[in-house]
Amino acid sequence: MTEREREVFNLIEKDPLISQVELAAMLGITRASVGVHISNLMKKGFIKGKGYITNTEHPITVIGGANVDYQGKSDRTMIMADSNPGKINHALGGVGRNIAENLSMLEVPVRLITAMGGDAEASMVRDNAVLRGIDIEDCLILANERTSTYLYVLDHLGDMVTAVSDMSITSRLNEDFLRTKLMKIDKSAYTVIDANLPEESIHFLVRHLQNTKLIFDTVSTTKALRGKAVLDGFYGIKPNLLEAEVLLDRKIHTDKDIELAGQAFLDMGIKKVFITLGKKGVYFTDGEDSIFRSSKVSEVVNVTGAGDAFTAAMVYALQHQLKGLDFVDFCLGASGVTVLSKDTIARNLSVDNIMKMIKEC
């Protein structure tokens, strides 16, 4: 939602019977411009139809982590236990937050549920959400705690020397808090659960959400295990090979092994299964299609964030009922656009650029 669209939406929400002439006068724009903004709001799902019935139920909810990453890189060979001249940068991160921002780049109305403190890092997360039109109304705000933060140090060659992770606030996304959000979440068409959530929270959500289709982002081999006991409650899943191995308690070596792993997930009741294969691409199965597809790019600038873009594209494709190769290619296209960017969230990520990537590759 753009800033102007938000102004139009807020006025309509206050007075659903307001006319376009009145809106134009209040905003100082033409009636034709108001009509364009209303049309865009309808396409994006914020307005349900004529009479300006506003839609406060978001089609997508993402529940997971949001953090700020701080990177320090030395200009020369590191001298341990000493101050080293170099460069310090920061960027927004967190799997759940990244997925939500990618969805917003694809113009999907999205609600992010995460935990934030009362610090400058929380302001960064909030400011970005406002800029991208991400709904953070239901986030847990803990004024006396720190927002999740990750600090890492690289040597002059770019190799990691050490890192400190301060992400304990995510554990506050517990059953007591999530219980207050269940009704809202369950009105979403799809809900993405980030494995950074506590295991008990993942189990609670799977047990209590009845209507929304759940997508599990496994994050890592260790964190994927948090959802292992409730895999049968997920509609979609996207592990890599190692994560699939730990979830299924089996080794996966050959293409046949991958197909059998996909079938094992389907046998649990999961409907859409992606197994990402790194440089080799991805395997997808849903019981009707069984597809191996290679990556869309041969050169890579930055792999960080490719998985988050893939998950966001997966949700977009499900929402728009893409099937078979179209479904798989759209997800690979999104990760392809992302790995060609130096940023974790590609500034040029859009449906048009994904389709362009698919056609060119």
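Read-outs: derived from the displayed coordinates by stated rules, not from any lab. Given the structure is predicted, the values throughout are model-derived calculations rather than measurements. Note that each Cβ is placed from the backbone with ideal geometry, even for glycine, and that neighbours are counted across all protein chains shown.
For 160, 357, what's the fewest-to-most ordering of other Cβ within 10 Å of each Cβ?
So the residues, fewest neighbours to most, are 160, 357.
Between segment 17-34 and segment 169-193, what is the C-alpha centre distance in whole Å?
Using only Cα atoms, the two centres lie 37 Å from each other.
Along the Cα→Cβ direction, 7 angstrom out, place labels at residue 225 and residue 13. What is the inter-label distance in nm?
Here the modelled spin labels are 4.3 nm apart.
Please list, short to long, the whole-number percent of alpha-carbon pairs of the chain in consecutive 10 angstrom bins beginning at zero.
5, 23, 31, 26, 12, 4, 0
For segment 3-43, give the magnitude of the charge dipole about the Cα centre (Cβ charges: +1 Lys/Arg, -1 Asp/Glu; no others), in debye to the nearest 20.
Here the size comes out at about 120 debye.
Could you work out the local net charge near residue 120, counting Lys and Arg as +1, Asp and Glu as -1, over the other residues with Cβ closer than 15 Å to its Cβ?
Here the count lands on -4.
Please work out how much length the chain gains when fully extended from residue 26 to residue 3, using 0.36 nm per residue of separation minus the C-alpha to C-alpha distance, in nm with one decimal.
In short, 6.8 nm is gained.
Take the eigenvalues of the Cα gyration tensor for segment 3-43, scale each by 5, and report the square roots as semi-axes in whole Å, largest first.
Computed over segment 3-43, the values are 13, 12, 9 Å.
Hey, what D do you get for segment 299-352 in µm²/s if you plug the Kirkwood alpha-carbon radius into Stokes-Einstein at 25 °C and 0.890 mPa s?
224 µm²/s
For the chain, give me the percentage of DSSP beta bridges that are antiparallel, rounded to the nearest 5 percent.
45 percent
Please state the relative contact order of segment 3-43 as a whole percent: Cα pairs under 8 Å, 6+ residues apart?
47 percent
Output needed: percent of Cα pairs per 5 Å distance bin for segment 254-323, bins running from 0 to the one holding the longest distance.
In whole percents, the pair-distance histogram is 4, 14, 24, 24, 20, 11, 3, 0.
Just want to confirm a number: the relative contact order over the chain, from Cα pairs under 8 angstrom separated by 6+ residues, in percent.
Dividing the mean separation by the residue count of the chain yields 12 percent.
As an exercise, use a Förster radius of 35 Å and the Cβ-Cβ distance of residue 81 and residue 172 to find the FRET efficiency, rounded to the nearest 0.05.
Here the calculated transfer efficiency is 0.50.
Do the alpha carbons of any pairs in 251/280; 43/187; 187/271; 87/342; 181/323 sit beyond 23 Å of each other, and which pairs?
Going by Cα-Cα distance, 181/323 fall outside the 23 Å limit.
Show that you can apply the helix-only estimate: for the chain, add -39,500 (n - 2.57) for every DSSP H stretch of four or more residues, divide by all residues, and state [θ] at 222 nm to the nearest 500.
-11500 deg cm²/dmol
Just for segment 187-309, what percent of DSSP beta bridges are antiparallel, to the closest 5?
Approximately 45 percent, going by the DSSP bridge assignments.
Using a 10 Å cut-off around each Cβ, can you sort 219, 301, 153 from fewest to most neighbouring Cβ atoms?
301, 153, 219
Let's see if you can work this out: charge +1 on each Lys and Arg Cβ, -1 on each Asp and Glu Cβ, no other charges. What is the dipole magnitude of the chain about its Cα centre, in debye to the nearest 20?
Using Cβ point charges on Lys, Arg, Asp and Glu, the chain gives about 640 debye.
Quick check: from the Cα gyration tensor, does segment 158-279 come out rounded (a/c under 1.5), prolate or oblate?
oblate
List the trypsin sites (Lys or Arg not before Pro) within segment 124-164 that DSSP assigns to loop and that have no more than 15 neighbouring Cβ atoms inside 10 Å.
none
Quick check on packing: order 89-98, 338-347 by the mean number of other C-beta atoms within 10 Å, highest mean leading.
Result, highest mean first: 89-98, 338-347.
What number, in percent, do you get for the relative contact order of segment 181-317 if the mean sequence gap of Cα pairs under 8 Å and at least 6 apart is divided by its residue count?
17 percent
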